[in-house]
Amino acid sequence: MRGDKSESRGDHEAEFREFMVSRWGGLVRFAYGLTGDRGHAEDLAQTALAKAFASWPKVRRAQDPDAYVRRILINTNNHRFRKRRVVEHHGEAAVEPAVGDGTAALDQRDALVAALMELPPKQRAVVVLRYWDGLTETQAATVLGCSVGTVKSQASRALVKLRTSTQLQDRSLTS
């Protein structure tokens, strides 16, 4: 009987590993949209997956495991603002290797991320879920644990703020 449990655990681990590998890139992109920082995004995705692994049987049984893990990621991101922050002190800037002309697309992406960082966390989450990850209003509502109407109103308010964002206007990104 004991062999059945370890075999089952091995199956759960293999199943989770497959889930994790297939979702990693999308979770990091989603977290980047929430944080604006690649390092924080990777840490956030890793923490969310660690929490998902700890309760994998429950996550797996969820109607939409992807939404469940995104919700873990959002909650973890919100929690990081409640924790005491450690101030990082940087020494002299490292010499960056010379790179060819950075494209305008990179500047636009930086401007977009800066504008996203000006939004309140809930509006930012809605914008990232709807327009970055391409979820429907219903899917975004499921991830956020709110109504479709809330998603619509938060998206509307966020888009108004983004249209008037100085970050985006300076780089002529708004239409």
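The values are calculated or read from the model by the stated rules, or taken from the named source; none is laboratory data. Not measured: the values here are computed from a predicted model. So basically every Cβ, Gly included, is an ideal-geometry build from the backbone, and we count neighbours across all protein chains shown. For the accessible areas, the whole protein counts, side chains as well, though only heavy atoms, and no ligand, DNA or RNA atoms are used. Shrake-Rupley method; radii C 1.70, N 1.55, O 1.52, S 1.80 Å.
For (1) within 19 Å of residue 142 (Cα to Cα); (2) open to solvent by less than 70 Å² (accessible area, probe 1.4 Å); (3) modelled with pLDDT of 90 or more; (4) not in a helix (DSSP H, G or I), each residue gets a yes or a no:
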site: 12; (1), (2), (3), (4): no, yes, no, no
site: 49; (1), (2), (3), (4): yes, yes, yes, no
site: 72; (1), (2), (3), (4): yes, yes, yes, no
site: 94; (1), (2), (3), (4): no, no, no, yes
site: 100; (1), (2), (3), (4): no, yes, no, yes
site: 111; (1), (2), (3), (4): no, yes, no, no
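With respect to residue 67, determine if the residue is modelled with pLDDT under 95, within 15 Å of the chain's Cα centre (by Cα) and closer than 20 Å to residue 135 by Cα. Yes. Restricting 41, 54, 50, 62 to residues that are in contact with a Ser or Thr (Cβ under 9 Å, 6 or more places away or on another chain) and without any contact (Cβ under 8 Å) to a residue 24 or more places away in the chain narrows the list to 41.
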